[in-house]
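These notes are about the structure you will find just below.
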Amino acid sequence: MSVPMGLKIDWSTMPTYNTIMSVAAGAALIALVVLGKDLIRARTAGVAGSEPLQTDGWAVALGVLGLVLFPTGLHMTLTWPLAKGGFPFDNVIFGETSLGLSALLLGAAFYLWKRGTLVREAADPVAEAARVARPISWFVGGLGLSLFGIAAAGITYQLFAAPPQEPISGAFAQWPWLEATFMSLLFALVGLGAVLFPFAVRQLRAGYRHQGIVRWIGASWMIAGIVFLLFGAMNFFTHIGLIVNTM
């Protein structure tokens, strides 16, 4: 095996696990979009072909994803800097955002587990879910603004660029703006849905059925979720290769 020379990293002082975090975050975004579609479909309960809303499975799904992201995000947030001499901004970019997302997922999972019946039996499940989400919706919006800040920092300081020793991603190391722009736009896409969330909740809580904002949220989170999931899965190979090539 040919190992690129030059860059050497003491990985005992720079743990990295944003691989599983990326997969879990992507799956969480996809799950939230599909859950939203199930809630909208539940409005037509009783119509031929419609299925009743099943909240138990969603409680398990959101709980599992929250349990993956909470300890990893908490550790990255509180261990400062996690990457000694390497990439300390990862603490903010991946750690703090994952911690916030995990808390929201665990809260939603707990509610669906304990009070899922209220949503299932509500005359308008969407309005009921929006009523519950209203108090926390501005935190979601604040996280969206934070993601805009991360996107701006990524482009300004050309973050996220992989070193040439990393397989696949390292092939673009001579163009650091490329991966910086890609990842920054990805964070901004999630941020767009999060910033719109409080306004969507306000409309849905009032029984407003025009789904313009909801569609924007669903599209942004679904696209970003798929990309984060696939990118995280690919990084299981690329990060292993980077570790091998820089030990």
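The values are calculated or read from the model by the stated rules, or taken from the named source; none is laboratory data. Quantities reported herein were computed from a predicted structural model and do not represent experimental measurements. Backbone-built Cβ (ideal geometry, glycine too); neighbour counts: all protein chains shown. Surface accessibility is based on the protein's heavy atoms, side chains included, excluding ligands, DNA and RNA. Shrake-Rupley method; radii C 1.70, N 1.55, O 1.52, S 1.80 Å.
Descriptive notes on the structure:
- Only one of the numbered conditions (1) surrounded by fewer than 18 Cβ atoms within 10 Å (Cβ to Cβ); (2) of a type in the set (A, V, I, L, M); (3) closer than 27 Å to Tyr111 by Cα is violated by Leu147, and that is (1).
- Residue match in segment 209-226 (condition: of a type in the set (Phe, Trp, Tyr) and either within 18 Å of Phe89 (Cβ to Cβ) or free of Cβ contacts under 8 Å to residues at least 12 places away in the same chain (or both)): no
- Count of residues meeting criterion [over 29 Å from Ala180 (Cβ atoms), touching a residue at least 24 places away in the same chain (Cβ under 8 Å), open to solvent by 80 Å² or more (accessible area, probe 1.4 Å) and over 15 Å from the mean Cα position of the chain (by Cα)] in segment 57-115: 3
- Members of segment 172-191 that are open to solvent by 60 Å² or more (accessible area, probe 1.4 Å) and over 16 Å from Leu159 (Cβ atoms): Gln174
- Test for Ser137: is it closer than 24 Å to Gly232 by Cβ, at pLDDT 95 or above, polar (S, T, N, Q) and assigned to a helix (DSSP H, G or I): no
- Breaking point among (1) open to solvent by less than 40 Å² (accessible area, probe 1.4 Å); (2) at positive phi; (3) without any contact (Cβ under 8 Å) to a residue 24 or more places away in the chain, for Phe160: (3)
- Count of segment 198-210 residues which are open to solvent by 50 Å² or more (accessible area, probe 1.4 Å) and assigned to a helix (DSSP H, G or I): 4
- Residues that are buried (at least 16 other Cβ atoms within 10 Å of the Cβ), under 15 Å from Phe182 (Cα atoms) and not polar (S, T, N, Q) within segment 211-233 comprise Ile223, Ala224, Gly225, Val227, Phe228, Leu229, Phe231, Gly232, listed in sequence order.
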